[in-house]
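Accompanying notes for the structure given below.
The values are calculated or read from the model by the stated rules, or taken from the named source; none is laboratory data. Computed from a prediction, not measured in an experiment: that's the story for all the values here. Neighbour counts run over all protein chains shown; Cβ positions are idealised from the backbone, glycine included. With ligands, DNA and RNA removed, areas are computed over all heavy atoms of the protein, side chains included. Shrake-Rupley method; radii C 1.70, N 1.55, O 1.52, S 1.80 Å.
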Amino acid sequence: TLAALCATAQGNAQRDYPTFALALAVLPEAHWSAITPDAPLRHWQLLQVEPSRSLTRSPLRIDERVLHYLTGISHLDDQLAGLVRPVTQSAVLAPSHAALAAEIAATWQATGDSRELPVVQLCGPERESTQAIAAAACEQLGLTLYLMSVASIPNVPAELERLLRLWQREAVLSDRVLLLDCEESDRSDAGREAALARLVEADNRGLLLIASRERRGPWQRPLLSLDVDKPTGAEQRALWDAILDDTVDGGAAALNGQVERLVGQFDLNLPVIVAAYRGAQGRLASHSKGLPTTPQMLGDTLWEVCR
């Protein structure tokens, strides 16, 4: 019935849509400040105004993402699709990595003022482990992690501001956290570095993580830098044991010292250990022709796959 009511209120059957003029006329305590570009309705792009018409008489359209949110349906804004992707928590974390995730979560939880929330910078070559740590920290706080490459940040100021507002709105509506992947970033690109700094130092500060081989910054915003190393030798041994104990009769002990040999020779993180085991299973399945696999065969195949 809204369209008919708008037409009646404006005395014109063709004007069956809401406008700022109509809202200012009929809503109690309406004030012009509500329709300025910096006010929430337009700043957060909750409403869309046709640029070809006057501000007060332009038809108002609710943003689709906001419409779905108000009806109780949450989904990623279509305008962010292709720029960000969700990061899921790994089933198992090495104890040292789990400790880093707990430290991040505790730091955020202890910071009351959102403007003082530190950017968490995870440094090191362990991209998979970095993402797993970040996802685990978010999981502890009931948040969802999304990844965006620095290469996707626009250099044009107007486009950057639009992206920034879209993401900040998304973070508020659905408790999402952004992880910026700086692995492939060229630090000699001054435009890209300036865009990165603008994103980090945005006025409406939310939770933000940065993944980089080397430490970035400095920025005016507080920064917490943590080094992410591969799991220790003992942790790698424990990961191998956990996988083999779940899938092999007799567990890791049945391989007669092969696990120690693997850990002594190869320095691997959890995703690579899992991939190596799956690869060994596939290789054995394709060559065994239905014959049973012995622990010795599994150990030799694991060595070849890891190598």
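Given the -39500 (n - 2.57) contribution per DSSP H run of 4+ residues, what per-residue ellipticity at 222 nm results for the chain, rounded to the nearest 500 deg cm²/dmol? All intermediate terms of the calculation are to be shown ahead of the outcome.
Working: 12 runs with 140 residues, N = 307.
Dividing the helical sum by the residues of the chain leaves -14000 deg cm²/dmol.
Once you have all Cα-Cα distances for the stretch 1-81, histogram them in 5 Å bins from zero and send the whole-percent values.
3, 13, 20, 24, 19, 14, 6, 1, 0
Considering only the chain, what is the antiparallel percent among its DSSP beta bridges, to the nearest 5? Numbers along the way, then the final one.
Values: 6 of 26 bridges.
The antiparallel proportion sits near 25 percent.
Counting only protein heavy atoms and a 1.4 Å probe, tell me what percentage of the chain's accessible area is made up of carbon and sulfur.
Values: 8770 of 16270 Å².
Of all accessible area on the chain, carbon and sulfur atoms account for 54 percent.
Please state, as a whole number in µm²/s, the translational diffusion coefficient that the Stokes-Einstein equation yields for the chain at 25 °C and 0.890 mPa s, with Rh defined as the Kirkwood radius across alpha carbon pairs.
Numbers: Rh = 23.3 Å.
Value of D from the Cα-based Kirkwood radius: 105 µm²/s.
Using a 1.4 angstrom probe, figure out how much accessible area the chain has per residue, in square angstrom, rounded to the nearest whole. Display every interim value, and only then the final one.
Details: 16270 Å² over 307 residues.
For the chain, the per-residue accessible area is 53 Å².
Residue 246 to residue 61: extension gain in nm, 0.36 nm per residue of separation minus the Cα-Cα distance? List each step's numbers first, then the result.
On the way: separation 185, 0.36 × 185 = 66.60 nm, distance 5.54 nm.
Stretched fully, the residue 246-residue 61 segment lengthens by 61.1 nm.
Using only alpha-carbon positions, what ratio does the radius of gyration of the stretch 169-289 give when scaled by 2.2 N^0.38 Å? Provide the component values of the computation, followed by the final result.
On the way: Rg = 21.4 Å, N = 121, 2.2 N^0.38 = 13.6 Å.
The value comes to 1.57.
Could you give the radius of gyration (one decimal) and Dmax (whole number) of the Cα atoms in the stretch 106-198, in Å?
14.0, 37
Cα centroids of the stretch 176-202 and the stretch 66-97: how far apart, whole angstrom?
20
Please work out the FRET efficiency for the pair residue 293 and residue 98, using the Cβ-Cβ distance as r and a Förster radius of 41 Å; give the result to the nearest 0.05. Walk me through the numbers on the way to the answer.
Numbers: r = 32 Å, r/R0 = 0.79.
That pair, residue 293 with residue 98, gives E of 0.80.
Say a paramagnetic label sat at a point 7 Å from the Cα of residue 173, along Cα to Cβ; which residues of the stretch 26-50 have their backbone N under 14 Å from it?
Those under the cut-off are 41-48.
At residue 38 and residue 159, where each label point lies 7 Å from the Cα along Cα→Cβ, what is the point-to-point distance in nanometres?
Roughly 2.7 nm, to one decimal.
Between residue 52 and residue 109, what FRET efficiency follows from the Cβ-Cβ distance if R0 is 51 Å, with the result rounded to 0.05? Walk me through the numbers before you get to the answer.
Details: r = 48 Å, r/R0 = 0.93.
Computed FRET efficiency for residue 52 and residue 109: 0.60.
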